[in-house]
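The values are calculated or read from the model by the stated rules, or taken from the named source; none is laboratory data. Fair warning: this is a prediction, and the values are worked out from it, not measured in the lab. Heads up, the Cβs are rebuilt from the backbone with ideal geometry, glycines too, and the neighbour counts pull from every protein chain shown.
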Amino acid sequence: MKKNYLQESPRLCLSVIWLCIGVGLFLFLDSVFAYHFRFIEQFRLFRFSAEYAQEHFSYPGGPAFYAASFLIQYYIHPHAGALISALLALLACMGLRGICRHLAPQRSFPLLWLVVGMLPLVAELDSNHHLEETLAFLLSIYSFYLYLCLPRSVVRVVYLLAVSWLGFYLAGPMYEMTVLSALVYECVARSSLRKYYLLLPVSLLPAILYYWAGKGGEARVLFTPDAYYSSRLQAQAVSYYVWAALPTVVLITTLSGYLKKNMSHRLQTVSVLLQTALAFGVLYVGFRTGITYAQYITEQVNTYSRDGAWGKIVATPLNTGRYPLHAGYKNLALAEKKLLGDYLFDSKQPGSKGLCMDWNRTIDTSSLLSDVYWAMGNVAQAQRMAFEGMVASEWAVNPRLLLRLVKTNLILGHHRVAAKYLRPLLQSYGYRAEAERLKRLVGNDEAVRADAELGPRYRCVAALDGLCSVHPVRNLLDIVESNPDYPTSFQYLLGYALLSKDLNTLAYLGEAYGGGPGLTPVPLLLQQAIVLIQETNPQVCSSQNLVSQAVAGQFKAFKHQMEWLKENKASSATLRAEFGNTFWYYYLFVSLS
């Protein structure tokens, strides 16, 4: 007869359960929220230096910030964020299960320790939330578990006092939950509370003194979950749920431990299964509602942009007509692939804002605009938006934009400034290799001009003498006229002319650059514009070799359809299916926004 090792070894069975939960959670996070972890990585820059460590170990909560930044730096790898988050959630669930088993050994509460243990993970889906709360939550769980293991005496009081003061220094105000959980437990357990009366106010003493000294900022940052959220915003409700989670678990399990009636083994098994199913249902809803679809798409295309995965951006379904940010990324990807002049109208466009949206002082817009200007060859504006993005970041640091500042200063000849920006990058993990490559270019203009990425943009700057206009079209004209070998600027200039229905500029672009370097064959939409111009005003654009026979034939079919519409007084909507992505349809039926 074969042995059933899982039944004979409860520890092995429990290990298998934890392994299944951990692997399942990792696979779920990695498949659904992979872009989120890559996105939030760029808002911190952990540095392997004594100066950085001294800075963050010098104030309460700094060690947790240091530890969180250390972990987040590895989010730069595609699967690391999901793995680290799954491990932290698993540790929280294990600690909470241990507390539940200690307080109510005869009861099973998978609903409690699964939902509560993964609650910080739901909070982390908000990019304004800080990982420090998860680490502080773990510290509170295991501090309270150790408290339960101590004998009921003055030792517990001394331990709580020490933990509260040390916890405030290590992780900020989350330590209050350890003390409050202990008070809840002792109150329900009907212990002698005389020695606990002054514990809560005394435990708050370091935070109160720190606040009175004027070093801690606002009171909400020292005493509430706002400490673990962007300092510019009010913390979301889920942060407060995490705050109250441990005392709630302690209250429920302690009360249930006094129930005398025990359930049968079968009923207990059914209860565990139902609680587990309900827990995963609650968590699934929490994960799905923890991040909006618009933010998810923004994080996705932002990640693709930093990786240069332009094809993936083009393939991503974006609401370009409603969100200029989405249109900006889609058009940036098309321009980088030299396809903007072919497929601009395959997506609904919000006017010229789809090429270069208005700046609203947010980090998302600043990052996109820096990428767009960088692609255009407008180095000065790319530098400005990178700097504004740094300022818009919560801690005024963004390693991705910091690299952009290094590159723009190298192109502009500001080598000492570039070297200054390189120092923190050289002390980092994920950006050190690129920083070392750029360091070799400092003080060497010849090497900058020969660089595959910087060289073409250097020639764009040389044409503008390092200056730029506030009007992107004026800058693009200067770049295209002086550096026609740089195709992306031509793609954007063509995009502006098409969206504004500027036939004169389109005719000029066709005559001056049609068939030139990087423009063979002539972009499809430019061909469509030229054939329309030749139809209405032949002397403006007389070149006949710019339009293919296929485009000429398609234009004849379009005119035939137009004549049929006039004769039958039909709606222009009938043209949209066949010609909706052509310049002719846009020129005649789409109003300028």
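Residues being buried (at least 18 other Cβ atoms within 10 Å of the Cβ), free of Cβ contacts under 8 Å to residues at least 12 places away in the same chain, over 24 Å from ALA396 (Cα atoms) and not aliphatic (A, V, I, L, M) are represented in the range 170-191 by at least one member.
The residue list GLU446, GLU481 contains one member that is assigned to a helix (DSSP H, G or I), farther than 30 Å from PRO350 by Cβ and either over 33 Å from the mean Cα position of the chain (by Cα) or at pLDDT below 90 (or both), which is GLU446. Taking every residue in the range 67-96 that is in contact (Cβ under 8 Å) with a residue 40 or more places away in the chain and pairing it with any residue that is of a type in the set (Lys, Arg) and crowded, with 19+ Cβ neighbours inside 10 Å, at least 6 positions away or on another chain, the pairs with Cβ-Cβ distances below 6 Å are ILE72/ARG44.
Evaluating TYR329 against the criteria (1) in contact (Cβ under 8 Å) with a residue 40 or more places away in the chain; (2) crowded, with 23+ Cβ neighbours inside 10 Å leaves one unmet condition, (1). If you go through the range 531-560 and keep only what is modelled with pLDDT under 85, outside any helix (DSSP H, G or I) and either surrounded by fewer than 19 Cβ atoms within 10 Å (Cβ to Cβ) or of a type outside the set (A, V, I, L, M) (or both), you end up with ASN537, PRO538, GLN539, VAL540, CYS541, SER542, SER543, GLN544, ASN545. Being at pLDDT 95 or above and closer than 29 Å to ASN444 by Cα is a description that applies to ARG404. Would you confirm, using the coordinates I've provided, whether LEU441 is outside any loop (DSSP other than H, G, I, E, B) and closer than 28 Å to ASP485 by Cβ? The answer is no for LEU441. Among the candidates PRO201, PRO206, the residue that is touching a residue at least 40 places away in the same chain (Cβ under 8 Å) and more than 29 Å from the chain's Cα centre (by Cα) is uniquely PRO206. Here the helices (runs of 4 or more DSSP H) wholly within the range 1-117 that include at least 2 residues being of a type in the set (Asp, Glu) are 50-56.
Pairs are defined by a Cβ separation below 7 Å, a sequence spacing of at least 6 or placement on different chains, a first member in the range 233-262 that is under 18 Å from VAL221 (Cβ atoms) and outside any loop (DSSP other than H, G, I, E, B), and a second member that is at pLDDT 85 or above and among the hydroxyl-bearing types (Ser, Thr, Tyr); the pairs so defined are SER239/TYR228; SER239/TYR229.
The residues of the range 335-353 that are in a helix (DSSP H, G or I), farther than 12 Å from LEU524 by Cβ and not charged (D, E, K, R), listed by number, are ALA335, GLY351, SER352. Of all the listed residues (VAL314, VAL285), the sole one being in a helix (DSSP H, G or I), within 30 Å of the chain's Cα centre (by Cα), at pLDDT 90 or above and not assigned by TED's automatic domain parsing to the domain that holds ILE99 is VAL314.
Which of the residues belonging to the range 494-503 are part of a helix (DSSP H, G or I) and either within 30 Å of the chain's Cα centre (by Cα) or in contact (Cβ under 8 Å) with a residue 40 or more places away in the chain (or both)? Matches in the range 494-503: LEU494, GLY495, TYR496, LEU498, LEU499. Could you please find all residues in the range 395-419 being of a type in the set (Lys, Arg) and over 22 Å from SER366 (Cα atoms)? ARG416 - this is the single residue of the range 395-419 that is of a type in the set (Lys, Arg) and over 22 Å from SER366 (Cα atoms).
What residue, of LEU426, LEU422, LEU403, is of a type in the set (A, V, I, L, M, F, W, C) and in contact (Cβ under 8 Å) with a residue 24 or more places away in the chain? On inspection, the qualifying residue turns out to be LEU403.
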